[in-house]
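Notes follow the structure.
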């Protein structure tokens, strides 16, 4: 994380942003878009990933950043769970599902790496 000046520089935030864009695109399609409850929930969970990374970074405290990054990772898992619902009730195709699951898992991996990096900073202080 050395050299990172803004949360926008974090790969985890960048990947979460891409995921969120795709989630909004798929939830605005006909059937998914009419299911306000599920579409709203998955949208809020994806936005939560980005927002928690940004908020944690802004705190300038490794313990608080770790806490917010942990929430971000949990929100990614929530998105993944909601995608199964979307697949099961045929709001998304198998191809869309596989693409979104891979994006979500990548976000989870990168946020997991961010957590390791933050944890190293926490234990050094």
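Compute and list, largest first, the equivalent-ellipsoid semi-axes of the stretch 52-95 from the alpha carbon gyration tensor, each √(5λ) rounded to a whole angstrom.
Over the Cα atoms of the stretch 52-95, the semi-axes work out to 32, 8, 6 Å.
Treat the stretch 2-56 as a sphere of radius equal to its Kirkwood radius over Cα pairs and apply Stokes-Einstein at 25 °C in a medium of 0.890 mPa s; give the translational diffusion coefficient in µm²/s, rounded to a whole number.
Using the Kirkwood radius from Cα pairs, D works out to 205 µm²/s.
Over all alpha-carbon pairs in the chain, figure out the percentage whose distance exceeds 17 Å.
Working: 4134 of 7750 pairs.
Percent of Cα pairs beyond 17 Å in the chain: 53.
Nearest 10 degrees is fine. How inclined is helix 36-58 to the longest principal axis of the chain, computing both from alpha carbons?
10
Looking only at 99, 67, 22, which one moves most when the chain is put into a Gaussian network model with springs between Cα atoms under 10 Å?
Answer for the Gaussian network model of the chain: 99.
For the Cα atoms of the chain, what angle does the longest principal axis make with the long axis of helix 62-88, in degrees from 0 to 90, nearest 10?
That works out to roughly 10 degrees.
No lab work stands behind these numbers, since they all come straight from the coordinates. Predicted model, so just to flag it, every value in this text is computed and none were measured.
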